[in-house]
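> Structure incoming, see below.
The values are calculated or read from the model by the stated rules, or taken from the named source; none is laboratory data. Just so you know, these numbers come straight off a predicted model, no measurement behind them. We place every Cβ from the backbone using ideal geometry, glycine too, and count neighbours over all the protein chains shown. The accessibility values were calculated without ligands, DNA or RNA, using every heavy atom of the protein model including side chains. Shrake-Rupley method; radii C 1.70, N 1.55, O 1.52, S 1.80 Å.
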Amino acid sequence: MDTHVLSEIICCPVDPTKLVPSLTEDVLSGLFAANKRLPPKYFYDDHGSELFDQICDEPEYYPTRIEDALLESSARDIVARVKPDRIIEFGSGMSRKIRHLLSACSELEYYPTYIPFDVCDEVMIKSGRDLAEKFAWLDVAPLSGDYTAGLGNLPMKGERNLVMFLGGTIGNFTEEQGVMFLTEIFEVMGPTDRLLLGADRVKDPNILHAAYNDVAGVTAAFNLNLLEVLNRELGANFDRANFQHYAFYNPTKNQIEMHIMCMHDQEVRFDVLRRSLRFKEGDAICTEISRKFTRKKLEDMLRQAGFKICAHYESHGHPFSLVLAAQP
Ligand code: SAH
Ligand code: AVI
């Protein structure tokens, strides 16, 4: 076997091109409001990222397995169409599914640089090392930061970029935020670049419900870990025992809604903010929506952002979509 020296994986911060609220601002505007909510990006500290990775292996959480199989079967076609010099992946997490594309690149003799872009540096370094070990030719150049802070500083110029946004993470945006984010991607893409978007589809609500209420309780732990993030980052004193995970499918909006419910009155201090907040039995914090799309709605959203559809790959069994899109 060939030996090669693994170069160090260094995460490069991306300069924001627009202002995004800080955790303090999000807590003041979201948690101190009557209609309590927080953006889902705060789930992903090191422990939250590990918990998400465990969710992916839970039998009820079908999206990872289904999208993985779909990528495996479509990877050669995607690589042959795009001939990528660079693969940029938003919200790459553990970079599990990229392996299929990289294997197809090896077979077809394309050797792109891989650029994961995530808020969690630790997962990018760990998975970057694993990938560089498996693919000796691969350069991994992670970007660290919040992708909602603007894409104007992405290293995209003058090559064939495959931009990927997988896992159904587009569904964690509201409709308006989703179109806005896709429009931003569209605006930084050139004529030879392609977007690969993975999105979960509408399906039997019982299957959806089970996926966000796994019996082992990993999704519950992932949701409630948000309270630990607030305790650590803002000197809060949430007592987890007073709160409960609650997720359900809202069929009129075609979305999972995930909440943290307060089961016992608690006054929570936020030392860093020098404020406290009274939670009453029955109060709920909306921590995530996860929208599920029809095929038509998904394609319409991409067209609204300016894209034309080049290919639409669909899974068998549980519906899930991978759409390859480009500038018209
Ligand atoms: N794409 C992977 C991981 C999905 S989990 C998969 O399909 O399995 C969502 C990932 O997006 C996490 O790794 C999280 O850290 C990252 N993420 C969420 N919000 C983000 C944001 N605003 N900016 C950058 N990364 C974000
Ligand atoms: C990252 N995102 C697509 C996941 C989802 O299914 O919406 C996050 C998640 N939340 C609970 N389980 C998984």
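> If you check Val215, Val202, which single one turns out to be of a type in the set (Val, Ile, Thr) and touching a helix residue (DSSP H, G or I) at 6+ places or on another chain (Cβ under 9 Å)?
One residue alone meets the criteria, Val202.
> Condition (residue is in a helix (DSSP H, G or I), open to solvent by less than 30 Å² (accessible area, probe 1.4 Å) and farther than 28 Å from Asp45 by Cβ) applied to the stretch 102-115: is it met by at least one residue?
yes
> I want to confirm something. Restricting to the stretch 66-90 and keeping residues that are touching a helix residue (DSSP H, G or I) at 6+ places or on another chain (Cβ under 8 Å) and part of a helix (DSSP H, G or I), which single residue is farthest from ligand 2 (Cβ to nearest atom)?
Here the residue is Ala80.
> How many of the residues making up the stretch 257-311 are touching a Ser or Thr at 6+ places or on another chain (Cβ under 8 Å) and either among the aromatic types (Phe, Trp, Tyr) or on the phi > 0 side of the Ramachandran plot (or both)?
3
> Could you tell me which numbered condition Ile10 fails, if it satisfies all but one of (1) under 20 Å from Val140 (Cβ atoms); (2) buried (at least 20 other Cβ atoms within 10 Å of the Cβ)?
(2)
> So which residues in the stretch 21-63 are among the polar types (S, T, N, Q) and either over 29 Å from Asn231 (Cβ atoms) or open to solvent by 30 Å² or more (accessible area, probe 1.4 Å) (or both), if there are any at all?
If the condition is that a residue be among the polar types (S, T, N, Q) and either over 29 Å from Asn231 (Cβ atoms) or open to solvent by 30 Å² or more (accessible area, probe 1.4 Å) (or both), then Ser22, Thr24, Ser29, Asn35, Gln54 are the ones that fit.
> Failed condition for Glu228, given (1) acidic (Asp, Glu); (2) away from ligand 2 (no atom under 12 Å from the Cβ); (3) closer than 25 Å to Asp68 by Cα, with all others met?
Every listed condition holds for Glu228 apart from (3).
> Being touching a strand residue (DSSP E or B) at 6+ places or on another chain (Cβ under 7 Å) and at pLDDT 95 or above is the requirement here; does Phe90 meet it?
Numbers: touching a strand residue (DSSP E or B) at 6+ places or on another chain (Cβ under 7 Å): yes; at pLDDT 95 or above: yes.
When the stated conditions are applied, Phe90 passes them.
> Among Val229, Val272, which is the only one that is open to solvent by 30 Å² or more (accessible area, probe 1.4 Å) and part of a helix (DSSP H, G or I)? Walk me through it before giving the result.
Values: Val229 fails: open to solvent by 30 Å² or more (accessible area, probe 1.4 Å).
Exactly one of Val229, Val272 is open to solvent by 30 Å² or more (accessible area, probe 1.4 Å) and part of a helix (DSSP H, G or I), namely Val272.
> Does the stretch 286-295 contain at least one residue that is part of a helix (DSSP H, G or I) and under 24 Å from Asn172 (Cα atoms)? Spell out how you get there, then give the answer.
At the first step, the residues of the stretch 286-295 found to be part of a helix (DSSP H, G or I) are 295.
Now restrict to residues that are under 24 Å from Asn172 (Cα atoms): 295.
Yes, because at least one residue in the stretch 286-295 is part of a helix (DSSP H, G or I) and under 24 Å from Asn172 (Cα atoms).
> Can you tell me which condition Leu162 does not meet? The list is (1) away from ligand 1 (no atom under 14 Å from the Cβ); (2) assigned to a helix (DSSP H, G or I), and all the others hold.
So the condition that Leu162 fails would be (2).
> Being under 18 Å from the mean Cα position of the chain (by Cα), more than 21 Å from Ser321 (Cα to Cα) and away from ligand 2 (no atom under 16 Å from the Cβ) is true for just one of Leu51, Leu131, Leu108, Leu151. Which residue is that?
The match here is Leu151.
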